[in-house]
Every structure is written in C-alpha cells, then in structure tokens.
Amino acid sequence: MIPNIFNFAVNNYPYMLQRIQTLYLLIADLLVVALFFVPFAEIPGKEGSLYQFDLSGVISRGTAGSPMMHSSWPVLILACLILILINLTILQFKNRMRQMKLSYFTIVLLIGLTALIYYYVWKSSNLMGSSYSLKIFFTFPLIASVFVYFAIRGIAKDELLVKSIDRIR
C-alpha cells in the first residue's frame, strides 16, 4: 500500500519537488519544526535552579522549584499555525500568485513569532526577577523568514517565465 501512495504523490505532483522555492519552503518548515524540540532561552533562578523557555513555556531544569513556571500557549499556537501555512503554501504550487500571498503572510507571522518569543522570555525573566540569555535557536524563525523570502523570489521568477512564454505565443 505504501508504494501506491508514493506513486500517487509522484504522478500527481511531479514538478513540485523540482522547483527551488519548494526546497526553500521545506527548509523553512524544518526550521519551524526544530522549534518544538529546543529551548529559546535560559533564565537562572534565585535559588540556584535553571529555567528554560521553550514552546511549552518556562520549565524548571533544576532540583528546586515547580516544574512549570509560566505557560506560553500563544507561542505554541502561532508556531503550529505557521507550520500549517508553510505546508499549505508548498501545496499551492499550481497557483503561484496565491503561493506568493501565503508566503508574504508567513513572513509576517514568523517575525511576529520572534517578537512573541522575545516578549515571553522578557516577561518571564521580569516575573522571576532575573536576567535571561537567549539561545541561537531564538533566531530560527528569522532564518525561516529569509528562506520564505527566497521562495518568493523563486515563485516570482517562475511567474515571469510563464508570462514571457505566453507573450511569445
């Protein structure tokens, strides 16, 4: 049964994976998926424990303190929405203008996700009366937005190519 599903995907979408913008969108998708598994920041506690902020919220990594200090549902919901939107954008390869509009909206949401993550880290550190240190994973949404921008450029090149071929006819 698995080979039949694979053949269906290959036969119905043969040119989707050959386009560079699909590769850029897949890279952006993988960067957003990675956000589910890594912490964005570390916040030292007053009692010597270490708190980490990830998509689920601020979690205690030390022996003292409660396991969950602060929840961040809006960050998790926005990350899931961005994942769905990127995958929907990949599947819109036959309608390039809609693909470009979805890509622009995805960039706005990725920048908003970065700002929301920063706000929650800042708010959590202020509640605990401590400083914070951001990890490199904090920049993943911004890097993903760059890849979505590259995809937009590739989509625009495809659109120009199709229009130039239509003019020749």
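The values are calculated or read from the model by the stated rules, or taken from the named source; none is laboratory data. None of these values were measured; they are calculated from a predicted model. Note: ideal-geometry Cβ built from the backbone for every residue, glycine included; neighbour counts use all protein chains shown. What goes into the accessible areas is simple: the full protein's heavy atoms, side chains included, and nothing from ligands, DNA or RNA. Shrake-Rupley method; radii C 1.70, N 1.55, O 1.52, S 1.80 Å.
Taking only the range 72-88 into account, find how many residues are modelled with pLDDT under 95 and crowded, with 20+ Cβ neighbours inside 10 Å.
Within the range 72-88, residues that are modelled with pLDDT under 95 and crowded, with 20+ Cβ neighbours inside 10 Å number 2.
If I filter the range 103-125 for residues that are on the phi > 0 side of the Ramachandran plot and modelled with pLDDT under 90, do I get at least one hit? If you could, list the steps in order and put the result at the bottom.
Going through the range 103-125, the residues on the phi > 0 side of the Ramachandran plot turn out to be none.
No, the range 103-125 contains no residue that is on the phi > 0 side of the Ramachandran plot and modelled with pLDDT under 90.
Would you point out the residue of the range 89-100, among those that are out of contact with any Lys or Arg (no Cβ under 6 Å at 6 or more places or on another chain) and either at pLDDT 95 or above or among the polar types (S, T, N, Q) (or both), that is surrounded by the fewest Cβ atoms within 10 Å (Cβ to Cβ)?
Asn95
Do we have Pro14 as assigned to a helix (DSSP H, G or I), open to solvent by 30 Å² or more (accessible area, probe 1.4 Å) and either at pLDDT below 85 or among the acidic types (Asp, Glu) (or both) here?
no
Quick check on my filter: what residues within the range 113-169 are polar (S, T, N, Q), surrounded by fewer than 16 Cβ atoms within 10 Å (Cβ to Cβ), over 16 Å from the mean Cα position of the chain (by Cα) and not in a loop (DSSP other than H, G, I, E, B)?
Selection gives Asn126, Ser133, Ser164.
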